[in-house]
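Participant: The structure's right below; bear with me while I get my questions together.
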Amino acid sequence: MKIGFIGLGIMGRPMAQNLLRGGHQVTVWARRAESMQPLLAAGAVGAASAAEAARGAELVISMVADAPDVAEVMRAVASAASPGLVAVDMSTIAPAAARRIGEELAAAGVDFLDAPVSGGEVGAIAGSLSIMAGGSAAAFARALPALQCLGRNIIHVGGSGAGQVTKAANQIVTGMGVLAVAEAMAFASKNGVDRARVREALLGGFASSKILENHGQRMIERNFKPGFKSWMHEKDLDIVMQTAHELGLCLPGAAATAQMFNAMVGSGLGEEDSIAVLKLLEGLSGQ
């Protein structure tokens, strides 16, 4: 399949590499030309613009920062689209923004999927992402062979915007989960108990989770290298709270977690992994 791939950051670069490994013809574009170099060395074709990346493609995938970036990229894609093009945005943006972009592309004759992911850099590298897609069943079916190079749990959730609703729900669970594990680690440490032993014990009961297993270990090792930066989780939880306000929906746990991530960014921890919320808790507790 001829695929245009736009956005080559922490997530986008390994995703594009997995498409190449899957035998697809991939044309890449990123705002920073140096981001393209590893893909060009692996066999991708470089484009001078988002529109050029879309020209002649059967499928275009974008993985960029936020809704304004997605809208800008997708307008460029629509300007160069061939008949039958499916555009897939795998960024995390507000559901309402995804619906608006889908409507714009439909008017230009382009099918659109909002298909955000979960799994972080590790999942992007391994091709094991969880992909939650919103849009038409026909567009999903056409995009599926490419998506199967990127993830293992690939679900067509519903119509336009449904993928972003699902991702927002995911960020509620993961944000609160990271904060819960960080609180448990801080609690154990303040009580003078070995955090590694506490984690081991909790993994054998109902408190067990992937977050405790993976991120709990990284907290113990003090490994705050970003796989998913704190400012990104702050942005995602802002989407959650903004949507909740629009719906008149009470989400007290998500609201408290959003405030913790706001504080992380305000404290200069925005470029560190979201698990660095442990540092914030330790600072507040004099640890």
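Participant: Among 163, 25, 53, whose Cα projects farthest towards the positive end of the dipole of the chain, with charges put on the beta-carbon of Lys, Arg (+1) and Asp, Glu (-1)?
Facilitator: My answer, from the dipole projection, is 25.
Participant: Rounded to whole Å, give me the distance from the Cα center of segment 235-280 to that of segment 106-144.
Facilitator: Centre-to-centre distance over Cα atoms comes out at 25 Å.
Participant: Where the convex hull is taken over the Cα atoms of segment 158-224, what is its projected area averaged over directions, in nm²?
Facilitator: Numbers: hull surface 21.4 nm².
Spelled out: convex hull of the Cα atoms, projected over all directions, averaged, 5.3 nm².
Participant: Heavy atoms only, probe 1.4 Å: what % of the accessible area of segment 85-241 goes to carbon and sulfur, would you let me know? Numbers along the way, then the final one.
Facilitator: Working: 3910 of 6810 Å².
For segment 85-241, the apolar C and S fraction of the accessible surface comes to 57 percent.
Participant: Give the residue list of trypsin sites (Lys or Arg not before Pro) in segment 198-287 that are DSSP loop and have at most 14 other beta-carbon atoms within 10 angstrom. Present the calculation step by step, with values, prior to reporting the outcome.
Facilitator: Working: sites: 199, 210, 218, 222, 229, 235, 279; in loops: 222.
Hits after loop and neighbour filter: 222.
Participant: So how much slack lies between residue 66 and residue 285, counting 0.36 nm per residue of separation and subtracting their Cα-Cα distance, in nm? Before the final figure, lay out each step's value.
Facilitator: Values: separation 219, 0.36 × 219 = 78.84 nm, distance 3.38 nm.
Length gained, residue 66 through residue 285: 75.5 nm.
Participant: Enter the per residue convex hull volume of segment 146-274, computed from alpha-carbon coordinates, in Å³ rounded to the nearest integer.
Facilitator: 145 Å³
Participant: Have a look at 277, 265, 28 and tell me which one the Gaussian network model of the chain (Cα, springs below 10 Å) gives the largest fluctuation.
Facilitator: Judging by the Gaussian network model, the answer is 265.
Participant: Hey, another quick one. Which distance in nm do the two modelled labels at residue 213 and residue 144 give, with both placed 7 Å along the Cα-to-Cβ direction?
Facilitator: For residue 213 paired with residue 144, the spin-label model returns 2.7 nm.
Participant: Top mean-square fluctuation among 246, 221, 272, Gaussian network model of the chain, C-alpha springs under 10 Å?
Facilitator: Looking only at 246, 221, 272, the largest GNM fluctuation is found for 246.
Participant: So which of 167/190; 229/279; 167/210 end up more than 25 Å apart, counting from Cα to Cα?
Facilitator: On the way: 167/190 34 Å; 229/279 14 Å; 167/210 17 Å.
Long pairs (Cα-Cα over 25 Å): 167/190.
Participant: So, one more: If you average 1/r over all unlike Cα pairs in segment 66-131 and invert the result, what Kirkwood radius do you get in angstrom? Can you show the working numbers first?
Facilitator: Working: mean 1/r = 0.0799 Å⁻¹.
Value: 12.5 Å, from the Cα pair sum.
Participant: Dipole of the chain (Lys/Arg Cβ +1, Asp/Glu Cβ -1, origin at the Cα centre): which of 270, 87, 154 lies farthest to the positive side?
Facilitator: 154
Participant: Which shape class applies to segment 5-152: rounded if a/c is under 1.5, otherwise prolate when a/b exceeds b/c and oblate if not, where a ≥ b ≥ c are the square roots of the Cα gyration tensor eigenvalues? Walk me through the intermediate numbers first.
Facilitator: Working: a/c = 1.42, a/b = 1.19, b/c = 1.19.
Rounded is the answer for segment 5-152, as its axis ratio a/c remains below 1.5.
Participant: Next question, about the same structure. What length, rounded to one decimal in nm, is gained on full extension from residue 45 through to residue 206, with 0.36 nm per residue of separation minus their alpha-carbon distance? Please report the intermediate quantities before stating the final value.
Facilitator: Details: separation 161, 0.36 × 161 = 57.96 nm, distance 4.85 nm.
Full extension from residue 45 to residue 206 adds 53.1 nm.
Participant: Given a Förster radius of 51 Å and the C-beta distance between residue 223 and residue 82 as r, what FRET efficiency does 1/(1 + (r/R0)^6) yield to the nearest 0.05? Intermediate results must be reported in sequence, preceding the final value.
Facilitator: Values: r = 45 Å, r/R0 = 0.88.
For R0 = 51 Å, the calculated efficiency reads 0.70.
Participant: Follow-up question, since we're still on this one. Quick check: from the Cα gyration tensor, does segment 153-195 come out rounded (a/c under 1.5), prolate or oblate?
Facilitator: Values: a/c = 9.45, a/b = 3.97, b/c = 2.38.
In terms of gyration-tensor shape, prolate.
Participant: Please give me, ordered by residue number, the trypsin sites (Lys or Arg not before Pro) of segment 97-174 that lie in loop per DSSP and have at most 16 other Cβ atoms within 10 Å.
Facilitator: Details: sites: 99, 100, 142, 152, 167; in loops: none.
Loop-located and lightly packed - none at all.
Participant: Hey, another quick one. Could you tell me whether the chain comes out rounded, prolate or oblate from its Cα gyration tensor? Rule is a ≥ b ≥ c as square roots of the eigenvalues, rounded for a/c under 1.5, then prolate if a/b exceeds b/c, otherwise oblate.
Facilitator: Details: a/c = 2.15, a/b = 1.75, b/c = 1.23.
The shape class here is prolate.
Participant: Something else about it: At 7 Å along the Cα-to-beta-carbon direction for both residue 238 and residue 196, put a label point, then send me their distance in nm to one decimal.
Facilitator: Once both label points are built, they end up 3.9 nm from each other.
Participant: Pop a pseudo-label 7 angstrom from the Cα along the beta-carbon direction at both residue 263 and residue 108 and give the gap in nm to one decimal.
Facilitator: In this crude label model, residue 263 to residue 108 measures out at 4.3 nm.
Participant: For segment 218-278, what D do you get in µm² per second when you plug the Kirkwood radius from alpha-carbon pairs into Stokes-Einstein at 4 °C and 1.567 mPa s?
Facilitator: Numbers: Rh = 11.9 Å.
Value of D from the Cα-based Kirkwood radius: 109 µm²/s.
The values are calculated or read from the model by the stated rules, or taken from the named source; none is laboratory data. Keep in mind the model is a prediction, meaning the values are calculated, not measured. Neighbour counts are summed over all protein chains in view; Cβ atoms, including those assigned to glycine, are modelled from backbone coordinates with ideal geometry. Quick note on the areas: whole protein, heavy atoms, side chains included, nothing else; ligands and nucleic acids left out. Shrake-Rupley method; radii C 1.70, N 1.55, O 1.52, S 1.80 Å.
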